[in-house]
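Engineer: Let me give you the structure first, and then I'll get to my questions.
The values are calculated or read from the model by the stated rules, or taken from the named source; none is laboratory data. Just so it is clear, the model here is predicted, and its values are computed rather than measured. Cβ coordinates were reconstructed from backbone atoms using ideal geometry, including for glycine residues, and neighbour counts include every protein chain displayed. With ligands, DNA and RNA removed, areas are computed over all heavy atoms of the protein, side chains included. Shrake-Rupley method; radii C 1.70, N 1.55, O 1.52, S 1.80 Å.
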Amino acid sequence: MSTAVLLAVLGLGITGSGFGTGNLTASAQQKPETMEVKIDNFSFVPGTLTVPVGSTVTWTNRDDITHTVVSTEGVFKSKVRDTDEKFSFTFSKAGTYPYFCSIHPKMTGKVVVQ
Ligand SMILES: [Cu+2]
């Protein structure tokens, strides 16, 4: 799933053929992107990520222990992610989306969609 989305984004970037496909459809003027958040040493890096509406954010666990990515407001929730496992979510509405790791609740981050 995340590989397919990434390939779709790369393909659109090269051909410039538009944004009409799949879950990357966006109503905003800004170009949707695929952005990465690293989970490293019990932290989300970057802690605050700002993306255009329609962007897909992929979290990758770089720790050797498990983590989760859970929206504080229940918008998204990953399964338990082990080392090098990923979780992706596409943000189709503007807003601020705080999240945390349900295993280590002191780990917090947020995605700002505009
Ligand atoms: Cu954690």
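Engineer: Please enumerate the residues belonging to region 103-113 that are within 17 Å of Gln30 (Cβ to Cβ) and surrounded by fewer than 19 Cβ atoms within 10 Å (Cβ to Cβ).
Structural biologist: If the condition is that a residue be within 17 Å of Gln30 (Cβ to Cβ) and surrounded by fewer than 19 Cβ atoms within 10 Å (Cβ to Cβ), then Val112 is the only one that fits.
Engineer: Condition first: away from the ligand (no atom under 11 Å from the Cβ), of a type in the set (S, T, N, Q), in contact (Cβ under 8 Å) with a residue 40 or more places away in the chain and buried (at least 17 other Cβ atoms within 10 Å of the Cβ). Can you find one or more residues in region 45-57 that meet it? Break it down stepwise before answering.
Structural biologist: We begin by selecting, within region 45-57, every residue away from the ligand (no atom under 11 Å from the Cβ); these are 45-57.
Those still in the list that are of a type in the set (S, T, N, Q) too: 48, 50, 55-56.
From the residues that got through so far, the ones that are in contact (Cβ under 8 Å) with a residue 40 or more places away in the chain too are 48, 50, 55-56.
Narrowing the set further to residues that are buried (at least 17 other Cβ atoms within 10 Å of the Cβ) leaves 55-56.
Yes - at least one qualifying residue is present in region 45-57.
Engineer: So for region 61-74 (the condition being among the charged types (D, E, K, R), modelled with pLDDT of 95 or more and within 18 Å of Lys110 (Cβ to Cβ)), does at least one residue qualify?
Structural biologist: Going residue by residue through region 61-74, those that are among the charged types (D, E, K, R) are 62-64, 73.
Keeping just the survivors that are modelled with pLDDT of 95 or more gives 62-64, 73.
If we keep only those that are within 18 Å of Lys110 (Cβ to Cβ) too, we end up with 73.
Yes, region 61-74 contains at least one residue that is among the charged types (D, E, K, R), modelled with pLDDT of 95 or more and within 18 Å of Lys110 (Cβ to Cβ).
Engineer: Follow-up. For region 32-44, what are the residues that are more than 16 Å from the ligand (Cβ to nearest atom) and open to solvent by 50 Å² or more (accessible area, probe 1.4 Å)?
Structural biologist: Within region 32-44, Glu33, Glu36 qualify.
Residue by residue, here is whether (1) open to solvent by 10 Å² or more (accessible area, probe 1.4 Å); (2) over 16 Å from Glu33 (Cα atoms) holds:
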{"position": "Thr60", "(1), (2)": "no, yes"}
{"position": "Val70", "(1), (2)": "yes, yes"}
{"position": "Gly74", "(1), (2)": "yes, yes"}
{"position": "Lys77", "(1), (2)": "yes, yes"}
{"position": "Arg81", "(1), (2)": "yes, yes"}
{"position": "Lys86", "(1), (2)": "yes, yes"}
{"position": "Thr90", "(1), (2)": "yes, no"}
{"position": "Pro98", "(1), (2)": "yes, yes"}
{"position": "Cys101", "(1), (2)": "no, yes"}
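Engineer: Further, regarding this structure: Have a look at Thr96, Thr83, Thr60 and point out the one that is in a loop (DSSP other than H, G, I, E, B), without any contact (Cβ under 8 Å) to a residue 40 or more places away in the chain and not hydrophobic (A, V, I, L, M, F, W, C).
Structural biologist: Details: Thr96 fails: in a loop (DSSP other than H, G, I, E, B); Thr60 fails: in a loop (DSSP other than H, G, I, E, B).
The unique qualifying residue is Thr83.
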